[in-house]
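**Q** The following block contains the structure, expressed as structure tokens.
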Amino acid sequence: MILTHATLATMDGPGYGLIPDGGVVIEGGRIVWAGAMRDLSARTGEVRNLDGRLVTPGLIDCHTHVVHAGNRAGEFAQRLNGESYADIARAGGGIMSTVAATRAASATELLAETLARVDAMLAQGVTAIEVKSGYGLDSETELAMLRCARTIAEERQVRVRTSFLGAHAVPPGMTADAYLDAICLPGLRAAHAEGLVDAVDGFCEGIAFNISQIERVFDVARTLGLPVKLHAEQLSARGGATLAARHGALSADHLEYATEADARAMASAGTVAVILPGAFYTLRETQMPPIAAFRAAGVAMAVATDCNPGSSPMTSLPLAMNMACTLFRMTPEEALAGVTRHAARALGLADCGVIRAGMRADLAIWDASHPAELSYRIGATPLFARIFGGHA
Ligand code: DI6
Ligand code: FE
């Protein structure tokens, strides 16, 4: 396939990597050439003239809890009446209420509910998603969630990377350490043995796991040869971001309460900051992630939906880009890098996220003439077409 007369935002390099009248040659699911039309040598293949439409790398949603059952619209109303997210969690709602719904769902029901959300994501230009477990909190359901995540990639044209998030909440009636010993860590080993785990995640927070408990999870991840990432400094400063950096984490995520010292630690470790404005917005948070400190320290910033039934019931990655700009003053260029090049890094993927010869041909074609339009519109879906592995 040959895409001609496109406005290319290759995202290859520090900025957009704009090529105003560009072309892309695709063979065997890979990009074999990308550049200016005037440099395109004669080729044979199916030519698609894009009439100046914008082409970007396929979007990558690098932080989702898209596999889950049920919804928490009731808690949404409770929070609007003044109850806090943490209060609801301590009273047995929150994550635990989704755990109950997910345990009760059959594999077929879980997949059907999940695919409806995945379809909404793909309709907005996404070609790769990360999917976390964490609504099982028992081995059986954690594994069922991860099997469901793997099935997504068989049912739809999308790449899936899984993260084991057994350390998401402490089941009532147990201590955190007892839960890690009896359920979470054996569950991680079992899930890994079944080939279900690409990375290991945790929730480092007052209502979840402390630093030393997260470190126990990371130690097991290391013995299994798995990369780590962490929900860190979302609701309070707990030192999770620096801990993640110390363990060479792919990413630290949320980060509203992160400090300049965290930013420096993350920069030197190459840990990506995953910014999740949907959760900030939904929880009416007022503490902003230290974007300027990340920028100054040279931390790569990714942007994701955090698609989950509690703090971010959102399936639109372009909306997350808009929120990252309007709420956090990220630039549209940073937002697009955040859902392409930097999102790939947050997942440890080296073959996508930029338009360059040798990369997978995962592309999004937009009814737009400049990449800033993707962040600028609110809730719009200017997607014209998606190309996944070279197939339209
Ligand atoms: N932080 C989040 O924002 C999600 N998980 C987490 O650790 C929320 C999960 C939920 O409320 O269901
Ligand atoms: Fe999350």
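A short reminder: the numbers here are calculations on the coordinates, not readings from a lab. Keep in mind the model is a prediction, meaning the values are calculated, not measured. Methodologically, a virtual Cβ is constructed for each residue, glycine included, from the backbone with ideal geometry; neighbour enumeration extends over all protein chains shown.
**Q** Which residue, LEU8, GLY195, ALA245, has the largest displacement toward the positive end of the dipole of the chain when charges sit on each Cβ (Lys, Arg +1; Asp, Glu -1)?
**A** LEU8
**Q** Along Cα→Cβ, 7 Å out, is where each label goes; now give me the distance between the ones at MET1 and ASP219 in nm to one decimal.
**A** Distance between label points: 4.9 nm.
**Q** Okay, next question. Which whole-number percent is the relative contact order of the chain (Cα, under 8 Å, 6+ apart)?
**A** 20 percent
**Q** Same structure again: Can you give the FRET efficiency for HIS370 and ALA36, using 1/(1 + (r/R0)^6), R0 = 22 Å, r = Cβ-Cβ distance, to the nearest 0.05?
**A** Once the sixth-power term is evaluated, E becomes 0.80.
**Q** Comparing THR286, THR381, THR98, which has the greatest mean-square fluctuation in the GNM of the chain with Cα pairs linked when under 10 Å apart?
**A** Per the Cα network of the chain with a 10 Å cutoff, THR286 tops the list.
**Q** Within segment 211-232, list the residues whose amide N lies under 20 Å from a label point set 7 Å along Cα→Cβ of ALA182.
**A** Under 20 Å, as judged by backbone N against the label point of ALA182, lie 213-214, 216-217 of segment 211-232.
**Q** A follow-up question, please. When the dipole is taken about the Cα centre of segment 207-290, and only Lys, Arg (+1) and Asp, Glu (-1) are charged at their Cβ, what size is it in debye, to the nearest 20?
**A** 180 debye
**Q** Continuing with the same structure: Want the number for ARG295 to ASP351: 0.36 nm per residue separation, take away the alpha-carbon distance, what's left?
**A** Working it through step by step, the gained length comes to 17.7 nm.
**Q** Based on DSSP H runs of at least 4 residues, each adding -39500 (n - 2.57), what is the mean residue ellipticity at 222 nm of the chain after dividing by all its residues, to the nearest 500 deg cm²/dmol?
**A** Theoretical 222 nm ellipticity from helices: -10500 deg cm²/dmol.
**Q** Sticking with this one: If you place +1 on the Cβ of every Lys and Arg, -1 on the Cβ of every Asp and Glu, and leave all else neutral, what size is the dipole of segment 16-96 about its Cα centre, to the nearest 20 Debye?
**A** 60 debye
**Q** Given 0.36 nm per residue, what is the gain on full extension from GLN78 to ARG284 after removing their alpha carbon distance, in nm?
**A** Here the answer is 72.8 nm.
**Q** Further question: Just to verify a number: FRET efficiency for ARG90 and THR44, C-beta to C-beta distance, R0 = 51 Å, to 0.05?
**A** Computed FRET efficiency for ARG90 and THR44 comes out at 0.20.
**Q** Relative contact order of segment 135-256: what whole-number percent is it, with Cα pairs under 8 angstrom and at least 6 residues apart?
**A** Normalised by residue count, the contact order of segment 135-256 is 22 percent.
**Q** Just to be sure I understand: of the beta bridges DSSP finds with both ends in segment 219-322, what percent are antiparallel, rounded to 5?
**A** The antiparallel fraction comes to roughly 10 percent.
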